[in-house]
Amino acid sequence: MVKAVVGACWGDEGKGKITDMLAADADIVVRFQGGANAGHTIVNDYGKFALHLLPSGSFNQNVTNMIGNGVALDIEQLVKEIEEVVSKGVPRPNIVVSERAQVLMPYHRLFDTYEEERLSDRQFGSTKSGIAPFFSDKFAKIGFQVWELFEEDRLKEKIKNVLEVKNLMLEHVYHKPLLDADELYATCKRYAEMIKPYVIDSVKFMHEAVKAGKTILLEGQLGSLKDPDFGIYPMTTSSSTLAGYGAIGAGVPPYEIKEIITVVKAYSSAVGAGAFVSEIFGEEADELRRRGGDGGEYGATTGRPRRMGWFDCVASRYGCRVQGTTAVAFTVLDVLGYLDEISVCVGYEVDGEVIRDFPTTGKLEKAKPVLKVLPGWKTDIRGITKYEDLPENCRNYIEFIEKELEVPIKIVSNGPARNDIIMR
Ligand code: GDP
């Protein structure tokens, strides 16, 4: 049985927590896209962790955690994260890496930084982890799959060829120091040694796991609105954030993905540039940011303050739709307990017309939020474990949003810890 846990909007919905929780009953957790450019925050019995590349099943000894072929594999970062969790007392996680995953090279990070520098005030707000240059190279067919690190002669030759074009760019476009082939070769040899213990034939591994009826969780990074096809292009990420892509990035038959759990946050937050229709500002935003998530809404990777907004029905419904959602996990609801009234964005006004379907980026940039105000519940709902025990206004909020989303909310999260959860 394959399930996917993915995000509905801009990311930071609390996917890490939901995956960590669901991992208790899983055999395998797979990262199928993205890289170390975003983070998951996980709070469990071992403490609080910011994971960037490690799958969220890393705290469960019975789980095999796979870095799928769809991931931008930053070998140094992966090994660093493994050592970090081990040093904090977590039993050594069981990690495997697809031999077809591609390797993020040190120059990808450099090119990311140089390009943002060149763009100056038009920059994308990249985390500069090299993700965009990495995926550009993958599809330009000048990337390196993991297995290539182990084929010395071929590797040497390829490095020479790839650096030819990289150095032309460095010299003529960015005016930066050139790359040295011998140095890169030495780095690749080092990477080969570091990654060797983890490398597997992931196609065979997944095929056998599916055949044996194992429970497999596909773990998404970011959310629908950051998808390069369906998101707020070009202010998106560089690999697909959708459950459907899990079939490719993890290597499972598409028809085996039976459950798609989309994580939806009870209000909105976003990082980076791009249209954000229900965004709020000033003191109202500061307060929500301060109270949000677990200790404030600041990026897990960058520490940047997140942009804040009211719940956006238009974006979230669309986000659930493009994921192919079978159930919603509705998170961070406890945070809203301080508000007398809660605004919800129920439509977009574009050129004098109110729309309910999420538009393409040009129209999105012109959209003004149509807000509806719902009564707050003014209590702390943490610790509640039964749906019926939630205050009436809180249930009304959930049920209003469920109707808007057009998919059932089956999980409600009312706190950052593993057991702050209400199953419906
Ligand atoms: P992810 O990338 O989707 O995993 O999300 P992040 O980890 O970046 O952000 C979610 C933040 O919210 C983390 O700090 C979590 O610990 C926290 N969190 C998750 N669920 C809840 C919840 O129900 N209530 C509260 N207060 N915090 C939560």
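The values are calculated or read from the model by the stated rules, or taken from the named source; none is laboratory data. Predicted, not measured: the structure shown is a model, and the values here were computed from it. Counting neighbours? That spans all protein chains shown, and the Cβs are built from the backbone with ideal geometry, glycine included. Heavy atoms of the whole protein, side chains included, go into the accessibility calculation; ligands, DNA and RNA do not. Shrake-Rupley method; radii C 1.70, N 1.55, O 1.52, S 1.80 Å.
Looking at the stretch 200-215 only, could you name the residues that are small (Gly, Ala, Ser), farther than 15 Å from Arg31 by Cα and outside any loop (DSSP other than H, G, I, E, B)?
Result: Ala209, single match.
Taking the stretch 383-405 as the region of interest, how many residues are surrounded by 14 or more Cβ atoms within 10 Å (Cβ to Cβ) and outside any helix (DSSP H, G or I)?
Qualifying residue count, the stretch 383-405: 3.
Over 14 Å from the mean Cα position of the chain (by Cα), over 22 Å from Asn419 (Cβ atoms) and crowded, with 24+ Cβ neighbours inside 10 Å - does that describe any residue in the stretch 35-55? Scanning the stretch 35-55 turns up no residue that is over 14 Å from the mean Cα position of the chain (by Cα), over 22 Å from Asn419 (Cβ atoms) and crowded, with 24+ Cβ neighbours inside 10 Å. Inspection of the stretch 82-100 finds no residue satisfying the criterion of being closer than 19 Å to Thr237 by Cβ and either of a type in the set (Lys, Arg) or buried (at least 20 other Cβ atoms within 10 Å of the Cβ) (or both).
May I ask you to verify whether Gly347 is in contact with a Lys or Arg (Cβ under 7 Å, 6 or more places away or on another chain), small (Gly, Ala, Ser), surrounded by 13 or more Cβ atoms within 10 Å (Cβ to Cβ) and within 28 Å of Pro228 (Cα to Cα)?
In short, yes.
Gly272 satisfies every condition listed in (1) more than 24 Å from Trp377 (Cα to Cα); (2) open to solvent by 10 Å² or more (accessible area, probe 1.4 Å); (3) within 16 Å of the ligand (Cβ to nearest atom); (4) assigned to a helix (DSSP H, G or I) except (4).
Only one residue in Asn62, Asn69 is touching a Lys or Arg at 6+ places or on another chain (Cβ under 6 Å), part of a loop (DSSP other than H, G, I, E, B) and over 21 Å from Gly39 (Cβ atoms), so which one is that?
Asn69
In the set Gly337, Gly303, only one residue is within 16 Å of the ligand (Cβ to nearest atom) and either buried (at least 23 other Cβ atoms within 10 Å of the Cβ) or modelled with pLDDT of 95 or more (or both); that residue is Gly337. Among the residues making up the stretch 223-241, a single one is open to solvent by 10 Å² or more (accessible area, probe 1.4 Å), of a type in the set (D, E, K, R) and either part of a helix (DSSP H, G or I) or touching a residue at least 40 places away in the same chain (Cβ under 8 Å) (or both): Lys226.
Just to be sure, is Ala212 hydrophobic (A, V, I, L, M, F, W, C), surrounded by fewer than 19 Cβ atoms within 10 Å (Cβ to Cβ) and over 30 Å from Cys394 (Cβ atoms)?
yes
Exactly one residue among Val322, Val314 is under 19 Å from the mean Cα position of the chain (by Cα), surrounded by 15 or more Cβ atoms within 10 Å (Cβ to Cβ) and closer than 25 Å to Met235 by Cα, and that residue is Val322.
With the structure loaded, tell me whether Lys17 is touching a residue at least 24 places away in the same chain (Cβ under 8 Å), of a type in the set (Lys, Arg) and outside any strand (DSSP E or B) or whether it fails that test. For Lys17, the condition - touching a residue at least 24 places away in the same chain (Cβ under 8 Å), of a type in the set (Lys, Arg) and outside any strand (DSSP E or B) - is met. Just so you know, in the stretch 1-14 the residues that are open to solvent by less than 10 Å² (accessible area, probe 1.4 Å) and within 6 Å of the ligand (Cβ to nearest atom) include one that is modelled with the highest pLDDT, and it is Gly7.
The requirement of being in contact (Cβ under 8 Å) with a residue 24 or more places away in the chain, of a type outside the set (Val, Ile, Thr), over 19 Å from Gln33 (Cβ atoms) and not in a helix (DSSP H, G or I) is fulfilled nowhere in the stretch 185-199; no residue meets it.
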